[in-house]
Amino acid sequence: MKNFVEELRWRGMLAQIMPGTEELLQKEMVSAYLGTDPTADSLHIGHLCGIMMLRHLQRCGHKPYLLVGGATGMIGDPSGKSQERNLLDAETLYHNQEAIKKQVSKFLDFDGSEPNKAEMVNNYDWMKDFTFLDFARVVGKHITVNYMMAKDSVQKRLNGEARDGLSFTEFTYQLLQGYDFLYQYQHYGVKLQLGGNDQWGNMTTGTELIRRTLGGEAEAYCLTCPLITKADGKKFGKTESGNIWLDRNRTTPYAFYQFWLNVSDDDAEKYIKIFTSLEKDVIDGLIGEHRQDPGRRTLQRRLAEEVTRMVHSQEDLDMAVAASNILFGKSTKENLLRLDEQTFADVFKDVPHYEVSEDVLGQPAVDVFCQDGMQIFPSKSEMRKLVKGGGVSLNKEKLAAFDQPVTADDLIDGKYLLVQKGKKNYSLIIVK
């Protein structure tokens, strides 16, 4: 077995680790879990570091458990939050759980015959019939209020960082998460909890509960990954339009690919270690090649390829690369027509947009493209000169004549006309 801790260490994925954890992992196949709240029907790339920890765990011969917090998701974790979350109903939680499992199945092997195949569990299954009196007797008596109050996540909320303070529901969250660890320890033999570094307080409550319940010889450990940030210190994974999601209906494979392609050189060196399964010698070689000629963006391209293929598919990666080439390289009308409407909108979201009535169909191009309010061409005479010199294209095909009629057959997705002036000057006309 590969050394899981060493794998995380060289990848920059190790923040805190309890003494004895590495020795346990070297001694036996360890079952470890990572929790995620099903508050949406998709994970976003902020979750990816944790999922990659599970992927590396399984590749190193250990058994990963993904815990979906069907019960705890109804409450919300106060760690790093300034407000209490909205509560979700059971139907929504189940839908979200199934969607998340489908996404994570691309990273972990849930269906193999090996003893370390991945498992998915839902804490709602063991919490739904657990009464408050049971909770008070089994969990509450073992952990003191003093212990709970000392946690950073509690202190920050109590010291004025939240308008409404801290509810009792949220205060007990660490006990619920602690009980998750105890339950899995007793029923599945889970000895290790993985998570982000902001979870350290909740995670150590779990190991404390196990030891106080089962005795000091019980082997229970925690290991965290750092919270990923960008080189400028800003939060990773957020853009002006929000999160970068793993669900193609929320973030298209093209937009997903572009996110990774556009990270800084410093971030690319960090992210390629964290978010791919490439071996150390391959990554070191890519970093060396990139530093010799940063302009080629070798690291960003390989990072974008690896993550897009892993999260989506090779077909989606090919589509994303082809879509990128439409703006920045050579492409044809056929390339345009292969794009679905959302990807098409993503590719051309930053080019000037103009709306016209469908009444223009059948009119000469010079009249359609040079209407009042449009700034595609300085004038009709300028457009005529450019067309004559082969410098104007409609939907990636050279315009044969300035008075060539624009018809319904030219529309992409029944409503778009892509006008290109020169090599990289695009405008999008939307026919309504």
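The values are calculated or read from the model by the stated rules, or taken from the named source; none is laboratory data. Nothing here was measured: the structure is a model prediction, and the numbers come from that model. Please note: Cβ atoms are built from the backbone with ideal geometry, for glycine as well, and neighbour counts cover all protein chains shown. Surface accessibility is based on the protein's heavy atoms, side chains included, excluding ligands, DNA and RNA. Shrake-Rupley method; radii C 1.70, N 1.55, O 1.52, S 1.80 Å.
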*Which chymotrypsin sites (Phe, Trp or Tyr not before Pro) from region 341-412 combine a DSSP loop assignment with at most 13 other Cβ atoms within 10 Å?*
none
*asked:* Between LYS415 and LYS333, what is 0.36 nm times their sequence separation minus the Cα-Cα distance? Round to one decimal in nm.
replied: 28.0 nm
*Using 0.36 nm per residue, how much length does the chain from ALA401 to ASP134 gain when fully extended, once their Cα-Cα distance is taken away?*
88.0 nm
*Within straight-line cross-link reach of LYS27, lysines at Cα separation under 27 Å, skipping those fewer than 8 residues along the same chain*: LYS2, LYS63, LYS117, LYS191, LYS273, LYS280
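Using only DSSP helix segments of four residues or longer, with each worth -39500 (n - 2.57), what per-residue ellipticity at 222 nm results for the chain after dividing by its residue count and rounding to 500?
Taken over the chain, the calculation gives -12000 deg cm²/dmol.
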*For region 1-149, max minus min Cα coordinate along each principal axis, in Å, sorted largest first?*
43, 37, 32
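Enter the per residue convex hull volume of the chain, computed from alpha-carbon coordinates, in Å³ rounded to the nearest integer.
Convex hull of Cα atoms, per residue: 181 Å³.
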*How much net charge surrounds VAL30 when only other residues with a Cβ under 9 Å from its Cβ are counted (Lys, Arg +1; Asp, Glu -1)?*
+2
*Report the normalised scattering of region 134-202 as log10 I(q)/I(0) at q = 0.15, 0.18, 0.19 Å⁻¹, calculated by the Debye formula with identical scatterers on the alpha carbons.*
-0.56, -0.77, -0.85
*Considering only DSSP beta bridges with both partners in the chain, what is the antiparallel share in %, to the nearest 5?*
45 percent
*Just how large is the dipole of the chain about the Cα centre, in debye to the nearest 20, putting +1 at every Lys and Arg Cβ and -1 at every Asp and Glu Cβ?*
920 debye
_Just to confirm the filter: which trypsin sites (Lys or Arg not before Pro) across region 242-331 are DSSP coil and have at most 10 other Cβ within 10 angstrom of their Cβ?_
LYS330
*asked:* Just to be sure I understand: if I project the alpha-carbon convex hull of region 158-298 onto a plane and average over all orientations, what area do I get in nm²?
replied: 13.3 nm²
*Which percent of the accessible area of the chain is formed by carbon and sulfur heavy atoms (probe 1.4 angstrom)?*
47 percent
*What is the gain in length, in nm to one decimal, between ASP359 and GLU382 on full extension, counting 0.36 nm per residue of separation less the C-alpha to C-alpha distance?*
5.9 nm
*Restricting things to alpha carbons, tell me how big region 326-427 is in terms of Rg and Dmax, in Å.*
12.8, 35
*Describe numerically, in nm with one decimal, the distance between label points set 7 Å from Cα along Cα→Cβ at ASN425 and at LYS234.*
3.0 nm
*In degrees, nearest 10, range 0 to 90: what is the angle between the Cα axis of helix 173-188 and the longest Cα principal axis of the chain?*
80 degrees
*For region 167-237, report the accessible area per residue in Å² (1.4 Å probe, heavy atoms, rounded to an integer).*
37 Å²
*In nanometres, what is the gap between the two model label sites at LYS117 and LYS349, each 7 Å from Cα along Cα-to-Cβ?*
3.9 nm
_Can you give the FRET efficiency to the nearest 0.05 for ASP152 and GLN375, using r as the Cβ-Cβ distance and R₀ = 45 Å?_
0.25
*Can you tell me the FRET efficiency between PHE110 and GLN314 if r is taken as the Cβ-Cβ distance and R0 is 25 Å, rounded to the nearest 0.05?*
0.75
*Could you state how much accessible area VAL387 has, in square angstrom rounded to the nearest 10, with a 1.4 Å probe and all protein chains kept in place?*
10 Å²
_Among LEU286, LEU399, LEU133 the positive-end extreme of the charge dipole of the chain (Cβ point charges)_ = LEU286
*Enter the Cα centre distance for the pair region 164-181 and region 400-432, rounded to the nearest angstrom.*
58 Å
_Modelled FRET efficiency - R0 25 Å, ASN325 with ALA408, Cβ distances, 0.05 increments_ = 0.40
*Cα-based reach from LYS432 at 18 Å (exclusive), listing lysines while leaving out same-chain residues under 8 positions away*: LYS349, LYS415
*Within straight-line cross-link reach of LYS333, aspartates and glutamates at Cα separation under 15 Å, skipping those fewer than 8 residues along the same chain*: GLU341, GLU397, ASP409, ASP410, ASP413
*asked:* Taking θ = phi - 60°, what integer Hz values does the Karplus form 6.51 cos²θ - 1.76 cosθ + 1.60 yield along region 408-417, in sequence order, with x for Gly and Pro?
replied: 4, 5, 7, 6, 8, 6, x, 7, 10, 10
*Please work out how much accessible surface LYS424 shows to a 1.4 Å probe, ignoring ligands, DNA and RNA, in Å² rounded to 10.*
150 Å²
*asked:* Can you find, among CYS370, SER167, TYR188, the residue sitting farthest towards the positive end of the charge dipole of the chain, where Lys and Arg contribute +1 and Asp and Glu -1 at Cβ?
replied: CYS370
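Between exposed GluC sites (Glu not before Pro) in the chain, where DSSP calls loop and at most 12 other Cβ atoms lie within 10 Å, what's the longest gap?
On the way: sites that count: GLU28, GLU217, GLU240, GLU279.
Free of exposed loop sites, the longest segment is 29-216.
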